[in-house]
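For reference, the structure discussed in these notes is given below.
The values are calculated or read from the model by the stated rules, or taken from the named source; none is laboratory data. All values derive from a computational prediction rather than experimental measurement. Neighbour counts are summed over all protein chains in view; Cβ atoms, including those assigned to glycine, are modelled from backbone coordinates with ideal geometry.
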Amino acid sequence: MKDCLERLYNGIIKENPTFVLMLGMCPTLAVTTSAINGLGMGLSTMVVLALSNMIIAALRNIIPKKVRIPAYIVIIASFVTLVELLLHAYVPSLYASLGIYISLIVVNCIILGRAEAYASKNKVFPSLFDGIGMGLGFTMALTIIGLVREFVGNATIFGFHGSDIYGTSIPELLVSLVDKVFNPASTNGFVVGLNHFFSYEFGSYSPVGIVVMAPGAFFILSILVAIQNVMKMKGAAKGKDVSKIGSGCSEDCMNCGEKGCRGRLVDVTETVKAENKTEEVKETKNEEVSE
């Protein structure tokens, strides 16, 4: 159970596919024009990732190594087709919004990467939780990016506009909320500054259309990654171990000691044993020749 919880934590925080490993950039940048799109894409990917990991782990000793990649793709494609048909039948609006990117889950490097790196080398339950953890991390990242882009670009949250119910925009609703929490007549410098910002700057906010366009995805992602790096530097200044949190994989896979990461390209232990055995054979031959 400890390993399962560790896989969840790693997928969401330490090995977040978007903010840390920088994987799956195509759907991240393409479908996050709204929070609901990001949430739908993330959950769809999580379902495929968890189920494919589970099946691949169950069949890891049966699938021949020479055809493992085609076998993984067939398993993944089967679950993608299932998810696509369910979305088409029960959530047609989301299906129409995501479009071809649902089918492209088949070639998402996160799914194939976890199949090769973890599921093919571990038992069923840890592999299932690894898929769920990575899927939740991907969902969280896409939803946050979509939420920021939607709010800045359209002044809505999950498609909700304040005027739909309350007759006023969401920025104006936030101004009213701040007025209720902080006394507008207060002489405290912080409260005065906060009220001034929300009342005069934020209250007259108008959507920035470029944010929901293609360049906006790059802007928002870079800003969120920059915030993560600032938090990392502050944590390092306080003496915290933040070596496992980064932006992109900067490790040498051959020498990577991260649990669940080692052996993504090669099995280090088997490689070392093979090298030692080769050296022993060479030494034996040299001794025989010298004799």
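List of remarks:
- Of the criteria (1) part of a helix (DSSP H, G or I); (2) touching a residue at least 60 places away in the same chain (Cβ under 8 Å), which one residue 60 fails: (1)
- Of the residues 87, 142, the single one that is over 20 Å from the mean Cα position of the chain (by Cα) and at pLDDT 90 or above is 87.
- Count of region 109-128 residues which are surrounded by fewer than 21 Cβ atoms within 10 Å (Cβ to Cβ) and basic (Lys, Arg): 2
- Those residues of region 115-147 which are of a type in the set (Lys, Arg) and touching a Ser or Thr at 6+ places or on another chain (Cβ under 8 Å), in sequence order: none
- Any hit, region 148-159, residues being assigned to a helix (DSSP H, G or I), more than 16 Å from the chain's Cα centre (by Cα), farther than 30 Å from residue 11 by Cα and modelled with pLDDT under 90: yes
- Between 23, 43, the distinction of being at pLDDT below 90 and hydrophobic (A, V, I, L, M, F, W, C) belongs to 23 only.
- Candidates in region 60-73 are the residues that are under 24 Å from the mean Cα position of the chain (by Cα) and within 18 Å of residue 128 (Cα to Cα); of these, the one that is surrounded by the most Cβ atoms within 10 Å (Cβ to Cβ) is 72.
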